[in-house]
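*Asks:* I am attaching a structure below and will ask some questions about it afterwards.
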Amino acid sequence: MSFSTATSPSVLSPASVLTGGTHSDLVLQNFLPETWLSQLHLPAPDSHKGQNGKLLIIGGSNLFHAASKWSLDIASKFVDMVFYASTPSNNELVKQAKGEFWNGLVISTAQIPEYLTEADVILIGPGMERTEATAELVNHLLKTYPTKKWVVDAGALQMAKASLFTESMILTPHSQELVKLAEQFFKTTGSDTDAMFLTRLATLTSATILYKGQVDQVLHQGKLWQITGGNPGMTKGGTGDVLAGLVAALYCNHEALIACLIGSYANKLGGDKLHQTVGPFFNASDLVATVPETLWAAYNQAVGAL
């Protein structure tokens with residue numbers, strides 16, 4: 001039985017090609033939602049707090065307050081514990097919102113090494129500014145803990161040294177960040193396309209790449225999966241932060257590839273469900289509230305389809 005739903009993002013066949021270039025050197029995969037959704041980890045009935053994922057989020061800045069909070073909000077719905085480290089002002093804002101967030105701890109920068117060791121996954125970057133301080137922190141942590149499971153996003157991705165990326169890391173660039181990432185590996189030209197960048201990066205980094213766009217693309221070990229979907233409402237600020245938090249949370253209990261595919265699919269699915277009722281008039285907070293419901297429905301449909 002094939003998997004389908006009126007609100008499902010569409011999927012591209014292995015022969016599909018993006019406008020502006022081909023992925024001729026990559027092995028294109030057919031993304032079958034039911035295959036991946038059926039692998040979604042569910043907490044065991046007798047599990048205890050902490051056994052279903054511990055995530056450390058390092059992000060935010062004095063300029064960007066909301067980004068890391070959106071990542072935190074969605075992640076807290078999928079893992080047992082979220083440790084949150086940001087600037088003092090952002091930490092205080094989250095503490096004031098404790099009535100809405102009881103599933104984690106707000107920690108200081110000095111406590112990062114302690115909780116980084118305990119965490120299953122570290123998400124770094126949402127809301128971080130492109131400063132020397134960011135570069136120093138990000139590169140120090142990636143160099144010191146190369147075998148930890150990382151999701152490197154936004155400001156952290158823009159300031160990270162590509163030589164530090166390992167196979168345990170997920171990178172989540174949008175189009176402009178993909179160009180900056182590619183420039184660390186090879187000389188680029190104005191005629192290069194995103195498809196060309198991904199093709200060349202496949203042989204130059206062992207990290208998993210989730211390229212965010214109208215067509216999300218997951219690059220993993222020389223293979224490529226493409227997921228379409230979403231709508232104009234998804235251009236709102238914060239939807240990428242929701243995706244980063246969701247992928248990081250899923251990475252706590254899944255392999256990198258599964259986390260990226262389910263995260264991308266669920267994020268688009270949530271946006272499409274919102275579009276059915278309110279058109280493009282929704283925001284990142286609405287997406288946070290909708291994704292768990294739509295993912296649960298899709299999971300149950302996928303299990304029934306197998």
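Yes or no, residue by residue, for (1) assigned to a helix (DSSP H, G or I); (2) closer than 19 Å to ALA298 by Cβ; (3) free of Cβ contacts under 8 Å to residues at least 24 places away in the same chain:
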site	(1), (2), (3)
ALA182	yes, no, yes
THR189	no, no, yes
PHE197	yes, no, yes
THR205	no, no, no
VAL242	yes, yes, no
VAL247	yes, yes, no
LEU250	yes, yes, no
GLY263	yes, yes, no
ALA266	yes, yes, no
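Yes or no, residue by residue, for (1) loosely packed, with under 13 Cβ neighbours inside 10 Å; (2) at pLDDT 55 or above:
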residue: VAL11; (1), (2): no, no
residue: THR22; (1), (2): no, no
residue: LEU28; (1), (2): no, yes
residue: GLN39; (1), (2): no, yes
residue: HIS48; (1), (2): yes, yes
residue: LYS54; (1), (2): no, yes
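*Asks:* Does GLN176 satisfy the condition of being without any contact (Cβ under 8 Å) to a residue 24 or more places away in the chain, assigned to a helix (DSSP H, G or I) and not β-branched (Val, Ile, Thr)?
*Replies:* yes
*Asks:* Further question on the same structure: Quick check on the range 197-235: of everything there that is under 28 Å from LEU274 (Cα atoms) and among the small types (Gly, Ala, Ser), which residue is nearest to the chain's Cα centre (by Cα)?
*Replies:* Looking at the filtered set, the residue picked out is GLY213.
*Asks:* Given (1) touching a Cys at 6+ places or on another chain (Cβ under 7 Å); (2) surrounded by fewer than 22 Cβ atoms within 10 Å (Cβ to Cβ), where does ARG200 come up short, assuming only one miss?
*Replies:* Of the numbered conditions (1) touching a Cys at 6+ places or on another chain (Cβ under 7 Å); (2) surrounded by fewer than 22 Cβ atoms within 10 Å (Cβ to Cβ), the odd one out for ARG200 is (1).
*Asks:* Kindly evaluate ASP216 against the criterion of being surrounded by 15 or more Cβ atoms within 10 Å (Cβ to Cβ), of a type in the set (D, E, K, R) and part of a helix (DSSP H, G or I).
*Replies:* no
*Asks:* So if I check each of HIS254, HIS275, which one is assigned to a loop (DSSP other than H, G, I, E, B) and in contact (Cβ under 8 Å) with a residue 12 or more places away in the chain?
*Replies:* Answer to the check: HIS254.
The values are calculated or read from the model by the stated rules, or taken from the named source; none is laboratory data. If you're wondering where the values come from, they're calculated on a predicted model, not measured in any experiment. Note that each Cβ is placed from the backbone with ideal geometry, even for glycine, and that neighbours are counted across all protein chains shown.
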